[in-house]
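Following: one structure in structure tokens, then a few remarks.
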Amino acid sequence: MNAERYIEKIEQYLEGEMSQAERAAFEAEIDENAELRQTMAAYDGSLAAIEQSIENTLRHELQSWAAEDKAAQPAASRSSAKIVTMRTLALRWAAAASILLVIGWFTMVQTGKGLSDEALFAAQYALPQAQAALRGDAATHPLAAGAAAFDAGDFQTAQTFFEQIPTQDEYYAEAQYLLAHIALQQKDYDRAIATFNRATERRDPKVSEKAEWNTLLTYIAAKRTDKAIFKNLLAKIAGDAGHSYQQQAVALQKQLADFRRKLQ
Amino acid sequence: MKTNQGWTEQSLVASILQGGNARQTAIRFIYEDKDLRQMVIRFVNKNRGNDEDGQDMFHEGIIVLDRNIREGKFRGEAPLKGYLYSICRFLWMNRMRKQSHTDTVAEMPVTAEVDTESPEVIFVSEERKAVLNRLLDEVGERCRKILELWKLSYSMEEIAEKLDFSSAAMARKAKYRCHISLMELVQKNPALAQTLQN
């Protein structure tokens with residue numbers, strides 16, 4: 001294929017920027033020139049990919065707006081409650097200032113424990129409710145049996161079920177996502193990471209971002225937060241304004257950088 | 001569609017067609033239509049879904065609406081709000097049909113709350129989506145962004161500003177290189193090319 005040779009002409013043709021004579025000559029060339037036809041097919045393919053990218057980005061944006069809306073509601077009520085609480089606390093804090101100075105170091109060490117890998121993982125991780133996450137009628141859903149076993153804590157049965165979901169199945173990403181959680185429960189971190197990655201790679205909008213976030217949590221559970229791959233993934237999510245877990249990733253970055261982690 | 005804040009249906013469509021920041025603002029306005037969102041959620045709830053499904057359908061409907069407007073498939077023969085509602089309803093019915101693997105969805109009550117224009121909804125198979133997403137991964141984040149902005153009619157000046165190119169000319173060169181690279185990726189893999197043709 002000689003894309004460089006034809007791309008400008010193809011764009012002029014598709015954008016209607018050719019004169020009638022140029023257009024007729026170009027169409028005659030399409031009929032005669034197999035290489036040009038190949039290039040045009042590749043151009044069509046590239047446009048389909050770009051359109052998919054636009055769709056992905058818009059979906060992220062819509063989800064982000066929805067998350068903002070959701071966050072805005074409780075925040076308003078929280079803030080008014082906080083003012084009252086803060087006033088009361090201010091008096092208590094003043095009275096307790098001298099005591100806090102004495103126990104400052106001790107407190108710092110204790111709070112540092114809240115930033116340990118175990119504590120961060122426990123604070124962030126939640127085992128999903130598989131049946132509740134199924135779309136539509138849970139009873140007739142193709143993953144229903146596996147999801148029921150998963151929710152009942154029968155991970156062996158769930159694992160056997162989800163492992164039978166073939167890669168071409170439209171629910172493959174969801175099956176891999178739940179399999180990864182099973183591996184995580186079994187503390188098989190390598191398998192959990194690999195399986196979350198498979199779920200992510202499917203780019204299923206309902207699974208991909210959850211799987212990415214849980215990959216990060218698995219690295220924390222495995223005490224591998226020093227790995228470059230973990231840091232890069234965390235930075236990627238924290239830097240992606242459209243990612244559903246962006247705010248959590250930013251908060252996690254701050255917690256991981258907190259000097260009190262070093263006091264453990 | 002509500003037409004406060006100076007928006008009319010025509011200006012919403014025109015802004016989406018114009019692309020760039022105008023499209024973004026128009027889509028945000030459509031997204032903010034809480035009445036329509038509630039209508040979609042109510043429909044989904046009535047038809048074996050929940051609030052989350054309804055919200056999801058509203059988002060998917062906006063994605064289809066955006067594309068249909070840009071591709072000239074929305075002809076303005078029905079109100080935009082009714083058209084979007086029809087898309088959402090159609091998407092949900094299709095999802096239910098796929099999930100149930102039966103024809104029960106055909107028996108679902110179809111509420112006629114607004115005038116509608118039959119929406120043209122093209123379903124992209126999961127396989128094809130996976131192929132396209134793989135191509136996007138391979139071409140890289142920066143190229144993906146450049147090509148996306150170009151397709152959405154951002155000017156080269158705007159692309160240069162958004163993506164930190166030193167000039168519009170540099171942005172144009174980058175777009176050219178990225179597009180060639182993406183086309184070569186399509187072409188290099190016959191299996192990908194075949195899937196895209198299907």
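Brief remarks follow.
- Checklist (1) more than 10 Å from every other protein chain (Cβ to nearest Cβ); (2) within 24 Å of the chain's Cα centre (by Cα); (3) at pLDDT 85 or above; (4) loosely packed, with under 13 Cβ neighbours inside 10 Å applied to B:Phe123, failing item: (3)
- All conditions but one from (1) open to solvent by 20 Å² or more (accessible area, probe 1.4 Å); (2) farther than 28 Å from A:Leu47 by Cβ; (3) away from chain A (no Cβ under 12 Å); (4) part of a helix (DSSP H, G or I) apply to B:Gln10; the one that does not is (2).
- Filtered residues of the range B:147-168 (kept if more than 10 Å from chain A (Cβ to nearest Cβ) and aliphatic (A, V, I, L, M)): B:Met156, B:Ile159, B:Ala160, B:Leu163, B:Ala168
- Verdict on A:Phe259 being farther than 29 Å from B:Leu135 by Cβ and either without any contact (Cβ under 8 Å) to a residue 40 or more places away in the chain or not acidic (Asp, Glu) (or both): yes
- Residue within the range A:102-118 that is at pLDDT 85 or above and in a helix (DSSP H, G or I) present: yes
- Note on the range A:9-36: among residues that are open to solvent by less than 70 Å² (accessible area, probe 1.4 Å) and of a type in the set (Gly, Ala, Ser), the one that is farthest from B:Glu71 (Cα to Cα) is A:Ala34.
- Helices (runs of 4 or more DSSP H) within the range A:166-251 that include 3 or more residues in contact (Cβ under 8 Å) with a residue 60 or more places away in the chain and surrounded by fewer than 15 Cβ atoms within 10 Å (Cβ to Cβ): none
- Among the residues examined, A:Glu51 does not qualify as part of a helix (DSSP H, G or I) and more than 10 Å from chain B (Cβ to nearest Cβ).
The values are calculated or read from the model by the stated rules, or taken from the named source; none is laboratory data. Small disclaimer: the values here were computed from a predicted structure and weren't measured. All Cβ positions, even for glycine, are placed from backbone atoms using ideal geometry, and neighbour counts span all protein chains on display. Remember, those area values only see protein heavy atoms, side chains included, never the ligands or the DNA or RNA. Shrake-Rupley method; radii C 1.70, N 1.55, O 1.52, S 1.80 Å.
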